[in-house]
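The values are calculated or read from the model by the stated rules, or taken from the named source; none is laboratory data. Quick caveat: nothing in here was measured; it's all calculated off a predicted structure. Cβ atoms come from the backbone with ideal geometry, glycine included; neighbour counts cover every protein chain shown. What goes into the accessible areas is simple: the full protein's heavy atoms, side chains included, and nothing from ligands, DNA or RNA. Shrake-Rupley method; radii C 1.70, N 1.55, O 1.52, S 1.80 Å.
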Amino acid sequence: MSTAGASSTSICNSAFSGPSIARLSPCAKLNLTLDVLGVRPDGFHELDSLVVGVDLCDTLTCKRLADPVVRFTCDDSTIDAKDNLCTRAAELFIKASGAPIGFAIKLIKRIPIGGGMGGGSCNAAGTLLLCNVLSKCPLSNETLHELGTALGSDVALFFHLPSALMRGRGEFVTPVSLAWSGFAVLAVAKAEVSTPKAYKAFDAMMSNRVSATPSGLSEKAILAPTARELADCCGNQLEKPVFSICPEVARVYKQLKNLNVGSVRVSGAGSVMYLLSDTEDEARCIARLIQETRIGVSVHVARVPVCPKPVEFEE
Ligand code: C5P
């Protein structure tokens with residue numbers, strides 16, 4: 001098995017050598033900060049968000065086909081097999097590249113759906129990347145970024161992990177180097193939050209109080225050296241709107257806070273909540289406590305910040 005790098009600076013950095021199958025483990029994201037800076041004329045919201053990759057990954061395998069068709073299978077039957085972000089990404093790639101080929105995509109899901117961890121978006125970014133490497137890389141990193149943005153607001157950021165600042169509606173992404181690295185305890189509430197509904201709730205709650213100036217938390221968070229100092233800089237302006245439309249997330253958040261084991265934050269538009277820890281031992285201890293308290297969540301401990309491992313090829 002050979003490998004090719006999948007880092008931000010080198011989306012496609014190995015010479016294509018003819019393999020027909022490529023595999024990648026797209027990782028999820030957490031929003032450490034999320035400022036919503038108002039509604040744009042196109043209806044999307046202007047954002048300022050510091051995002052990190054989390055070591056909670058799906059597995060995406062792509063096989064090159066001789067015919068220009070896209071096939072998709074997934075172990076999660078709740079994902080529509082005909083219309084999902086992977087099939088849309090592969091179709092867009094074929095259209096943009098003009099490559100006279102198709103792809104069979106197989107997805108194994110581990111990232112929670114509707115959890116604010118970019119599960120669908122990282123699959124879309126991963127699909128674009130795999131289609132490109134299986135087609136002798138006809139598209140530049142810039143074009144892949146543009147296609148990603150066309151597929152969804154937070155697709156392109158997955159080309160720029162392990163940590164990045166996301167601005168605009170998500171299309172302006174700047175990789176950054178975080179002072180801190182450690183572990184996140186992820187608490188997955190049994191709820192799927194609709195992102196458009198969360199933004200609508202934000203508009204209803206905030207109408208005249210939106211600040212077009214970022215809070216400055218992102219810059220502070222980049223420099224924070226410990227989990228505690230970083231947690232002090234974390235903030236998410238979608239949290240309250242999410243609580244208002246999803247009582248289950250509000251209930252879990254309150255219970256997690258009552259455990260007094262650290263600062264609890266919601267990622268993106270929820271429903272996943274996280275606590276940060278400097279060491280794996282401490283993170284596992286917090287995870288055990290959450291499990292024993294029977295709050296009604298599934299719990300994971302994951303390293304942050306991370307980026308996906310290199311693409312693996314099969315003949
Ligand atoms: O771009 P994406 O399909 O991920 O966005 C889903 C929905 O989230 C949009 O239709 C919009 O309602 C909302 N959204 C927004 N502003 C953003 C990103 C998403 O209003 N920057």
Over all viewing directions the Cα convex hull of the range 21-175 casts an average projected area in nm² of 8.7 nm²
For the range 236-245, in residue order, the Karplus 3J(HN,Hα) values (coefficients 6.51, -1.76, 1.60; θ = phi - 60°; whole Hz; Gly and Pro = x) are 9, 6, 8, 4, 4, x, 5, 4, 5, 9
Quick calc, the chain, dipole around Cα centre from Cβ unit charges on Lys, Arg (+) and Asp, Glu (-), nearest 20 debye, gives 480 debye
Rounded to a whole %, the carbon-and-sulfur portion of the accessible area of the chain at a 1.4 Å probe is 52 percent
Note: S244 to S177 extended length (0.36 nm per residue) minus current alpha-carbon separation gives 20.7 nm
Computed about the Cα centre, the charge dipole of the range 233-307 from +1 Lys/Arg and -1 Asp/Glu charges at the Cβ has a magnitude in debye, to the nearest 20, of 240 debye
Magnitude of the Cβ-charge dipole (Lys and Arg +1, Asp and Glu -1) of the range 182-304 about the Cα centre, nearest 20 debye, reported as 420 debye
Over all directions, the range 182-304 yields a Cα convex hull whose mean projected area in nm² is 7.5 nm²
Nearest 10, in degrees from 0 to 90: the angle of helix 119-133 to the longest Cα principal axis of the chain is 20 degrees
So for R0 = 45 Å, FRET eff. of D281-D76 from the Cβ-Cβ r, to 0.05, ends up at 0.90
Going residue by residue through the range 206-223, the Karplus relation 6.51 cos²θ - 1.76 cosθ + 1.60 with θ = phi - 60° gives ³J(HN,Hα) values, rounded to whole Hz and with x marking Gly or Pro, of 9, 2, 9, 10, 6, 9, 7, 9, x, 5, x, 5, 4, 4, 5, 5, 4, 8
Under the helix-only model (-39500 (n - 2.57) for each DSSP H run of 4 or more, divided by the residues of the chain), the mean residue ellipticity at 222 nm, to 500 deg cm²/dmol, is -9500 deg cm²/dmol
In terms of the charge dipole of the range 219-270, which places +1 on Lys and Arg and -1 on Asp and Glu at the beta carbon, the residue among G235, L256, G270 farthest towards the positive end is L256
Percent antiparallel among DSSP beta bridges confined to the chain, rounded to 5, stands at 90 percent
In Å², rounded to a whole number, the accessible area per residue of the range 21-175 with probe 1.4 Å is 36 Å²
Expressed to one decimal in nm², the mean projection of the alpha carbon convex hull of the range 108-260 is 10.7 nm²
Relative to the compact-globule estimate 2.2 N^0.38 Å (N residues), the Cα gyration radius of the chain stands at a ratio of 0.98
Over the range 182-304, with neighbouring protein chains present, the accessible area per residue in Å² at probe 1.4 Å is 51 Å²
For the chain, averaging the sequence separation of alpha carbon pairs under 8 Å that lie six or more residues apart and dividing by its residue count, the contact order in percent is 27 percent
Simple SL model, points at 7 angstrom along Cα→Cβ for E192 and K309; separation in nm is 2.9 nm
